[in-house]
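Peer 1: Structure in structure tokens, see below.
The values are calculated or read from the model by the stated rules, or taken from the named source; none is laboratory data. Quick caveat: nothing in here was measured; it's all calculated off a predicted structure. Every residue, glycine among them, receives a Cβ derived from its backbone with ideal geometry; neighbour counts consider all protein chains shown. For the accessible areas, the whole protein counts, side chains as well, though only heavy atoms, and no ligand, DNA or RNA atoms are used. Shrake-Rupley method; radii C 1.70, N 1.55, O 1.52, S 1.80 Å.
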Amino acid sequence: MSEREEIKMFDVDAQLDAAFGKEGTAERKAAEDRAYAFFTGQIIEEARKKAHLTQEELAERIGTNKSYISRVETGKTEPRISTFYRIITALGLNMKLTAAL
């Protein structure tokens with residue numbers, strides 16, 4: 001491999017530590033919580049679009065408002081588990097919980 005083709009490697013854990021704090025710290029947990037909320041919101045948004053529903057239509061089906069659905073989809077709000085179940089049911093989805101091994 002020539003010098004020009006040198007592969008640049010980096011330590012992902014070190015980058016995460018620098019950006020969000022070391023694993024186990026409150027800062028890292030908060031960052032992970034935000035990431036999970038955002039990821040969950042993206043899944044809900046994609047499912048809503050596949051179901052050909054607007055945010056307003058989904059909100060109406062679960063007894064809330066469009067603003068709430070928007071906040072969930074952008075990860076700004078995490079639905080309670082009961083609300084999450086209403087959302088997935090309204091989208092024609094189901095959820096299966098399994099024990100981790």
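Peer 1: Those residues that are open to solvent by less than 100 Å² (accessible area, probe 1.4 Å), under 19 Å from residue 84 (Cβ atoms) and of a type in the set (D, E, K, R), I need them from the stretch 24-38; list them, please.
Peer 2: 32, 33
Peer 1: Taking residue 73, is it acidic (Asp, Glu), under 12 Å from the mean Cα position of the chain (by Cα) and open to solvent by less than 50 Å² (accessible area, probe 1.4 Å)?
Peer 2: Yes, satisfied.
Peer 1: Name the residues in the stretch 44-62 that are open to solvent by less than 50 Å² (accessible area, probe 1.4 Å) and free of Cβ contacts under 8 Å to residues at least 40 places away in the same chain, would you?
Peer 2: Scanning the stretch 44-62 gives 45, 53, 55, 58, 59, 62.
Peer 1: If you don't mind, another one. What pairs come out if I take residues in the stretch 77-94 that are under 22 Å from residue 35 (Cα atoms) and pair them with residues that are basic (Lys, Arg) and open to solvent by less than 30 Å² (accessible area, probe 1.4 Å) whose C-beta lies under 9 Å away, six or more apart or interchain?
Peer 2: Close Cβ pairs (under 9 Å, with a partner that is basic (Lys, Arg) and open to solvent by less than 30 Å² (accessible area, probe 1.4 Å)) amount to 87/48.
Peer 1: Next question. Quick one: residue 78 ticks every box in (1) in contact with a helix residue (DSSP H, G or I) (Cβ under 8 Å, 6 or more places away or on another chain); (2) open to solvent by 100 Å² or more (accessible area, probe 1.4 Å); (3) in a helix (DSSP H, G or I) bar one, so which box is it?
Peer 2: Unmet for residue 78, out of (1) in contact with a helix residue (DSSP H, G or I) (Cβ under 8 Å, 6 or more places away or on another chain); (2) open to solvent by 100 Å² or more (accessible area, probe 1.4 Å); (3) in a helix (DSSP H, G or I): (3).
Peer 1: So which residues in the stretch 16-69 are assigned to a loop (DSSP other than H, G, I, E, B) and among the small types (Gly, Ala, Ser)?
Peer 2: 21, 24, 51, 63
Peer 1: Residues to consider are 41, 21; find the one that is modelled with pLDDT of 95 or more and surrounded by 13 or more Cβ atoms within 10 Å (Cβ to Cβ).
Peer 2: 41
Peer 1: Quick one: which of 35, 31, 51 is within 19 Å of the chain's Cα centre (by Cα) and at pLDDT 95 or above?
Peer 2: 51
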